[in-house]
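No lab work stands behind these numbers, since they all come straight from the coordinates. Owing to the predicted nature of the structure, the values given are computational and were not obtained by experimental measurement. We place every Cβ from the backbone using ideal geometry, glycine too, and count neighbours over all the protein chains shown.
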Amino acid sequence: MQTKLTPLIQKRPDSAEIDSILRSCVHCGFCNATCPTYNVLGDELDGPRGRIYLLKQLFEGSDITRATQSHLDRCLTCRACETTCPSGVRYGRLLDIGRGIVELNVPRSISAKIVRFFLRTVVPYRRRFKFLFFLVQTLRPLAPRKIKKWIPVVSSHSDRWPASKHQRQVLLLEGCVQPALAPAINLKVATVLDKLAITPLKIKNEGCCGALSHHLAAHQQSTDFIKRNIDQWWPYVEAGIEAIVSTASGCGVMVKDYGDIMQYDAVYAEKARRIAALTCDISELILAEKIPVSNSGQGTSVAFHNPCTLQHGQKVLNAVETILQRQGYQLLETDGAQDCCGSAGVYSFLQRAIAQRLLADKLFSLEVMKPDVIVTANVGCQMHLQSAARVPVIHWIDLL
Ligand code: SF4
Ligand code: SF4
């Protein structure tokens, strides 16, 4: 594709990257076939090819309109289009850059500003979110049934953080909402790692990975989170930590992208690249450990929802499935395994109608074979699926 970036865009440090991504798209449209929003809305501008065209116009100086903003807002950032694209177009990266520019140029309505401000100032802060969630949990019994199903119940757990001191050590990312919504996940992971003779370390002052702010195009805030995390983790990297392990694929993909996001920062670029390279999903780590085959899962049928952030963002395929099958679980085939469930961070709040439609389609595919349990690998997907599922929805680690 020919490009003619405006002088202003050409002055940006990422202009060569923008140009090269735009040029790599040959407009074949294959990506539209797997784009959830294109399939739901049927509008070319709500598919990846159309959005790339809008972004090209934006970088070439066309007026930036509210309509452009809406089409970009409706993108789930699921990156299914990247998996499908035969030309390797890095759509997600182009979208992130474009959203940042649109956000600075198209004012939002007062109500949208308030909602976004609330999300940015509460959700990424563990203590604030925990407090809010505590209030919501306390009021849950009084809520009407329709609302109640949206409020997850935190199950009790007996695991304790292991007091292990193995030679092999990894950093275990806590995340900002997972400790409140599903605290048992990391405890379970810590127990499993301990049994594999790996010490999981928690970092006290670790903050949000920055994903939420990044997808809301609040790039200054996400960069601040990234720098803070790099500063916190760096001493461990220098001390030879084996890996930085994520148990929520939404956080994992963000940290794996630190290298790309920070590549133009003179101070943090190299550190971000090293941290991204050290980061892995818990399924990658456990798969590499080749845990012994067992039949502990025999008799339990499982439907696995592989989150977009794991399969399309991190390109991790068949890791969870292989681990569970080695433990004797019966993995059920599901249609549309590559499709988004509609959770997509805060998308399910901001684009409720599309998110609900995708949720219904996804649950139909997952439940049609009547599994005993649905498992996934990201707390956001877990909560979203749980809100309407007829069978329990858990993190796959709970099956180990
Ligand atoms: S992003 Fe890839 S699949 Fe989509 S139109 Fe461009 S080249 Fe084709
Ligand atoms: S990221 Fe997902 S929703 Fe967005 S254009 Fe690509 S396939 Fe469509």
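Residue count for region 181-206, restricted to those that are crowded, with 17+ Cβ neighbours inside 10 Å and on the phi > 0 side of the Ramachandran plot: 0.
Residue-level check: of (1) over 27 Å from Cys381 (Cβ atoms); (2) in a loop (DSSP other than H, G, I, E, B); (3) of a type in the set (Val, Ile, Thr), Val237 misses just (2).
Counting only helices (runs of 4 or more DSSP H) that sit wholly inside region 66-180, those with at least 1 residues that are among the polar types (S, T, N, Q) and surrounded by 16 or more Cβ atoms within 10 Å (Cβ to Cβ) are 66-73, 80-84. The number of residues in region 24-60 that are within 14 Å of ligand 1 (Cβ to nearest atom), among the acidic types (Asp, Glu) and more than 29 Å from Asp361 (Cβ to Cβ) comes to 0. Given the condition closer than 17 Å to Thr84 by Cα, more than 10 Å from ligand 1 (Cβ to nearest atom), out of contact with any Ser or Thr (no Cβ under 7 Å at 6 or more places or on another chain) and in contact (Cβ under 8 Å) with a residue 24 or more places away in the chain, answer yes or no: does some residue in region 5-23 qualify? No, region 5-23 contains no residue that is closer than 17 Å to Thr84 by Cα, more than 10 Å from ligand 1 (Cβ to nearest atom), out of contact with any Ser or Thr (no Cβ under 7 Å at 6 or more places or on another chain) and in contact (Cβ under 8 Å) with a residue 24 or more places away in the chain.
Return the pairs, sorted by first residue and then second, in which the second residue is among the charged types (D, E, K, R) and buried (at least 22 other Cβ atoms within 10 Å of the Cβ), the first residue lies in region 34-55 and is in a loop (DSSP other than H, G, I, E, B), the beta carbons are less than 8 Å apart, and the residues are 6+ apart or on different chains. As it stands, the answer is Cys35/Asp46, since those pairs meet every condition given. Taking region 42-86 as the range and being basic (Lys, Arg), closer than 24 Å to Ala355 by Cβ and more than 9 Å from ligand 2 (Cβ to nearest atom) as the test, only Arg66 passes. Remark: pairs (first residue in region 68-95, under 19 Å from Ser15 (Cα atoms); second residue more than 7 Å from ligand 2 (Cβ to nearest atom) and among the hydroxyl-bearing types (Ser, Thr, Tyr); Cβ separation under 8 Å; 6+ apart in sequence or on different chains) = Gly88/Ser24; Val89/Ser24; Arg90/Ser24. Applying the set (1) over 23 Å from His312 (Cβ atoms); (2) more than 16 Å from ligand 2 (Cβ to nearest atom); (3) part of a helix (DSSP H, G or I); (4) not charged (D, E, K, R) to Pro13 leaves exactly one unmet item: (3).
Given the criteria buried (at least 16 other Cβ atoms within 10 Å of the Cβ), of a type outside the set (Ser, Thr, Tyr), under 16 Å from the mean Cα position of the chain (by Cα) and not in a loop (DSSP other than H, G, I, E, B), does Ile275 qualify? When the stated conditions are applied, Ile275 does not pass them.
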